[in-house]
Amino acid sequence: MSEPAPDRPPIAVTEPTAMRPRRPLSQRVRRTLQIATMLVVCALVYGLVLVRFDVAEEPGEQQFGVSANEARIALYLQPMAVDPVNETMQMRISVLPARSTGDAPITVADRDLVLLVNRSGNTERVQIRANQPFPEATFSFDLNDGSIRDYPLESYVSPIHLACFELGQEGKGTALPTHVTSWEGVLGFGVHGQEVATPRAGELQLRFIVNRTGAVEFFGLLAYCGMIVLAVCALTIGTLVFVGIRRVEVTLVGALGAIVFALPAIRNALPGAPPLGVRADVLVFFWAELAAVIALSLFIAAWARRGAQP
């Protein structure tokens with residue numbers, strides 16, 4: 001009998017290169033492209049935010065009234081503090097010499113004058129005595145047309161009426177030409193003035209617009225967006241574990257518990273943190289905290305039902 005022929009290996013039939021289907025990108029490459037795309041989008045959004053909120057804005061000085069060379073008296077207005085809860089602004093008004101003659105600066109007034117400051121319908125008098133140092137006074141002005149409930153995007157308006165007369169001539173003669181310089185900034189707020197036309201010559205009607213600085217607005221909105229992200233993450237973990245799509249991992253209890261206590265910490269860390277109950281709290285913080293508690297409860301319920309036995 002002849003020996004059987006040895007088995008020959010099968011001949012591999014290869015398809016032409018042109019006929020082969022294109023291989024999909026590997027999972028690692030796809031994820032890298034997704035991360036790169038997300039970073040590019042975040043950079044573009046961040047650039048638009050910087051343009052919108054002017055985060056790098058620096059305060060400066062504004063000039064109102066007649067020019068410094070034509071003025072008989074000069075005033076410097078400096079905001080000292082803004083209290084949005086009580087809707088008031090502290091403003092310091094300093095009387096300055098309009099101009100000096102010679103090399104020595106003028107430090108005292110040469111005649112008796114009176115500065116009238118009208119705030120919220122009340123008129124305050126600042127006496128400027130001859131041969132006495134120029135005075136300064138601090139007044140509280142009301143903030144109108146705004147509410148702390150709109151934090152961090154609230155905006156207020158504060159009108160100020162100024163007029164300077166020679167003593168005994170207030171309301172009888174023409175107000176002295178006045179030059180006003182105001183500072184635009186106070187901690188966490190921008191104070192931008194506008195001059196309003198008045199029917200009486202020499203008098204000044206100023207309208208100050210008070211709002212949060214761009215950095216405070218941006219950080220406040222970013223913090224509330226962070227609360228939304230934390231709440232969505234917590235709900236995702238709790239829901240997937242509860243319905244059985246993901247297994248119970250006890251270490252996630254710490255993460256969910258940390259989110260529950262992190263949300264109030266973020267809320268209290270807001271710059272110029274407003275009282276609880278502003279619109280952003282109603283729209284974001286309250287339901288985010290509730291979502292985190294619900295997620296923790298779902299996880300604990302799944303652990304009690306399917307957790308490892310002792």
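In table form, for the structure just shown:
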item	result
Histogram of C-alpha separations across region 146-273, 10 Å bin width, %	10, 24, 19, 15, 12, 8, 6, 4, 1
Cα-only Debye scattering, region 125-220: base-10 log of I(q)/I(0) at q = 0.12, 0.20 Å⁻¹	-0.53, -1.06
Residue-normalised accessible area of region 174-310, given per residue in Å² at a 1.4 Å probe	51 Å²
Protein accessible area in the chain, 1.4 Å probe - carbon and sulfur %	60 percent
Exposure rule at most 13 other beta-carbon atoms within 10 Å, DSSP loop GluC sites (Glu not before Pro): the chain longest free segment	71-248
At R0 = 45 Å, FRET efficiency that the Cβ-Cβ distance of residue 48 and residue 111 yields, to 0.05	0.20
Full-stretch length increase - residue 58, residue 129 - with 0.36 nm per residue and alpha-carbon distance subtracted	21.9 nm
Environment charge at residue 159 (Cβ cut-off 15 Å; Lys +1, Arg +1, Asp -1, Glu -1)	-4
Extension reserve of the residue 309-residue 155 stretch, reckoned as 0.36 nm per residue once the Cα distance is removed	49.6 nm
FRET efficiency, residue 301 to residue 261 (Cβ-Cβ, R0 22 Å, nearest 0.05)	0.60
Extension gain from residue 207 to residue 90, taking 0.36 nm per residue of separation minus the Cα-Cα distance	40.6 nm
Trypsin sites (Lys or Arg not before Pro) restricted to DSSP loop in region 243-293 with at most 10 other C-beta within 10 Å	247
Computed FRET value (nearest 0.05) for residue 294 with residue 196, which takes r as the C-beta separation and R₀ as 41 Å	0.20
Distance in nm between pseudo-label sites at residue 276 and residue 249 (7 Å out along the Cβ direction from Cα)	3.3 nm
Calculated P(r) tail over 33 Å for the chain, as whole % of Cα pairs	54 percent
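The values are calculated or read from the model by the stated rules, or taken from the named source; none is laboratory data. On a predicted model such as this, the values are computed, not experimentally measured, just so you know. Here the Cβ is made from the backbone with ideal geometry for all residues, glycine too, and neighbour counts use every protein chain on show. These area figures cover heavy atoms from the full protein model, side chains too; ligands, DNA and RNA do not enter into them. Shrake-Rupley method; radii C 1.70, N 1.55, O 1.52, S 1.80 Å.
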